[in-house]
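Since the structure comes first, as structure tokens, the remarks are kept for the end.
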Amino acid sequence: MEEIQIPEYFICPISLQIMKDPVTVLTGITYDRESIEQWFSTTHDMSCPVTKQALPRDNALTPNHTLRRLIQQWCKENATNGVGLIPTPKLTLNKIYVSGLVQDLGVSHLQANALKKLEALALENAQRNRRSMGEAGVAKAMVLFIVRCYKEGAQRNGVLEALRILHHVWSVADDHEVKLIVNGSNDFLESLTWVLGCDPEMDNHAILMKSEAILVMKMAMEVITASQLELLNLEFFKNIVMVSKEKISQEALKSALHVLIEACLLGRNRMKMVESGAIFQLIELELARPERHITELIFNLLANLCGCADGRAQLLKHAGGIALVSKRILRVSPATDDRAVHILSLIAMFSATHEVLLEMLLVGAVSKLCMVMQADCTAHLKKKVRGILRLHSNVWNNQPCIAVYLVTRPR
């Protein structure tokens, strides 16, 4: 087959591929739309990649229709040589149109239709649609809409659609503006807590709402202030723990665990989590043998919660607590090993009654610690394990699994 020579001006300077949607910036250089938009969003460098000239923040990308038609014609002529056809790109979303839909949210008889259209646009697999929606203030509008529904007690009046839109648009919205609203009061966090506590019958609509709400809650937790963390109440944690118990979806479960980890930054929140039944639920989740990343999140949380006496007491109260922690060592990942050993270290230092020490021996925790000393683990982890074994050598030193050099104190 004869080698095909692609015209140089058909090639995007960034991707070095044939352009599908050529657009020209103010410097006169033409790029493929997807490539130049990704350049602006990922590098945060508002300059022309070729000329290095600075471009305005509201830089307009002008479609190069003539070049696109030439590329399409060339692809058509070379289709028999294996060149794929390039379809005509969709029109760029009109910001004025989006702004009109946002305004319609304030008109009761237009609200449902506006939400339906905004949701369809947000779910389209087109990054520039979502960017245009963010720039048109859609994320801000969704936050305010959800808060309004919360205050009016109207869960069924578009909350699901608003959550779904916010989940897809927030990541490319004006984060500063949305952050100001979220940080301005606790209304938004209370709204999400309200959604997570909805409909105990768990019909399909409620399941979908909870799933979207926990995904948005994860995003909100990344921007809330320390003072807002302090105001999280017991109801908040009970609802988050309930989401993990209901196993709505893997993504929702991971988000719930991430929310709890973020909240753990404040010590008093750990007490509230323990009171909400988080320890028992985390152990039950892990007993179901979830995927590795979920196990790592669970052990991260357990290690944090065992930092308080009530947390350790709850773990010890569960019949499978110590056994589960020890069983996961050397079976999941180095991160899990580190957190599991940390949990056993906290128990050994602060909760080691004679009964607890015997249980650690009977369920294989002591044997597993000895295995860590012989495995290819970090020096830091082995040091921590050696400290646990030496700390209770008077109870465990007659056991054949413990080498003398591990429990003998240096002279």
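The values are calculated or read from the model by the stated rules, or taken from the named source; none is laboratory data. Just so you know, these numbers come straight off a predicted model, no measurement behind them. No Cβ is skipped: glycine too gets one built from the backbone with ideal geometry, and neighbour counts run over all protein chains shown. Only protein heavy atoms, including side chains, enter the accessible area calculation; ligands, DNA and RNA are left aside. Shrake-Rupley method; radii C 1.70, N 1.55, O 1.52, S 1.80 Å.
Roughly how big is the stretch 70-143's charge dipole about its Cα centre, with Cβ charges of +1 (Lys, Arg) and -1 (Asp, Glu), in debye to the nearest 20?
100
Apply the Karplus curve 6.51 cos²θ - 1.76 cosθ + 1.60, θ = phi - 60°, to the phi angles in the stretch 222-236 and return the couplings in whole Hz, x for Gly and Pro.
Once θ is set to phi - 60°, the couplings for the stretch 222-236 become 7, 10, 6, 8, 4, 5, 6, 4, 5, 8, 5, 9, 4, 4, 4 Hz.
Relative to the compact globular guide of 2.2 N^0.38 Å, what is the alpha carbon radius of gyration of the stretch 113-163, as a ratio?
Normalised Cα radius of gyration, the stretch 113-163: 1.16.
Report Rg (one decimal) and Dmax (nearest whole number) for the stretch 262-411, counting Cα atoms only, units Å.
14.9, 47
What dipole magnitude, in Debye to the nearest 20, does the stretch 1-118 give about its Cα centre under +1 on Lys/Arg Cβ and -1 on Asp/Glu Cβ?
480
Under the Karplus relation 6.51 cos²θ - 1.76 cosθ + 1.60, θ = phi - 60°, what is the ordered set of whole-Hz ³J(HN,Hα) values for the stretch 360-372, x standing for Gly and Pro?
Those phi angles translate into 4, 6, 5, 8, x, 5, 5, 4, 5, 5, 5, 5, 4 Hz.
Choose one of TYR31, PHE236, GLY311: the residue whose Cα lies farthest towards the positive end of the charge dipole of the chain (beta-carbon charges +1 Lys, Arg; -1 Asp, Glu; about the Cα centre).
GLY311
Can you list the residues, at least 5 places off or on another chain, whose amide H is less than 5 Å from the amide H of SER47, using H built in the peptide plane?
Under 5 Å from the amide H of SER47: LEU55.
Show me, for the stretch 299-315, the HN-Hα J-couplings you get by feeding each phi into the Karplus relation (A = 6.51, B = -1.76, C = 1.60, θ = phi - 60°), rounded to Hz, glycine and proline as x.
The phi angles translate into 6, 4, 5, 4, 5, 5, 5, 6, x, 10, 4, 5, x, 5, 4, 5, 5 Hz.
Once you place label points 7 Å from the Cα toward the Cβ at SER333 and ILE207, how far apart are they in nm?
2.8
To the nearest 0.05, what FRET efficiency results for ALA379 and ILE14 with a Förster distance of 41 Å applied to their C-beta separation?
Between ALA379 and ILE14 the formula returns 0.35.
With viscosity set to 1.567 mPa s at 4 °C, what whole-number translational diffusion coefficient in µm²/s follows for the chain from Stokes-Einstein and a Kirkwood radius over Cα pairs?
After rounding, the answer is 51 µm²/s.
In the chain, what percent of the accessible surface is made up of carbon and sulfur (1.4 Å probe, ligands and nucleic acids excluded)?
Accessible surface attributable to carbon and sulfur in the chain totals 52 percent.
Just name one of HIS65, LEU260, CYS377: the one whose Cα is farthest towards the positive end of the charge dipole of the chain (beta-carbon charges, Lys/Arg +1, Asp/Glu -1).
CYS377
Distance cut-off 27 Å, Cα to Cα: go down the list LYS20/LYS95; LYS245/LYS368; LYS247/LYS317 and report the pairs above it.
From the list (LYS20/LYS95; LYS245/LYS368; LYS247/LYS317), the Cα-Cα distance tops 27 Å for LYS245/LYS368.
Using label points projected 7 Å from each Cα along Cα→Cβ, tell me how many nm separate ASN233 and THR88, to one decimal.
Once both label points are built, they end up 5.7 nm from each other.
Between LYS317 and ARG57, with labels modelled 7 Å along Cα→Cβ, what's the label distance in nm to one decimal, could you check?
My value for the distance between the label points is 5.3 nm.
Using a cut-off of 12 Å between beta-carbons, work out the net charge of the residues near ALA352 (Lys and Arg +1, Asp and Glu -1, ALA352 not included).
In short, -1.
Given the rule -39500 (n - 2.57) for each run of at least 4 DSSP H residues, summed and divided by the residues of the chain, what is its mean residue ellipticity at 222 nm, to the nearest 500 deg cm²/dmol?
Mean residue ellipticity at 222 nm (helix-derived): -19500 deg cm²/dmol.
Mind pulling the per residue volume of the convex hull built on the Cα atoms of the stretch 1-78? Å³ is fine.
89
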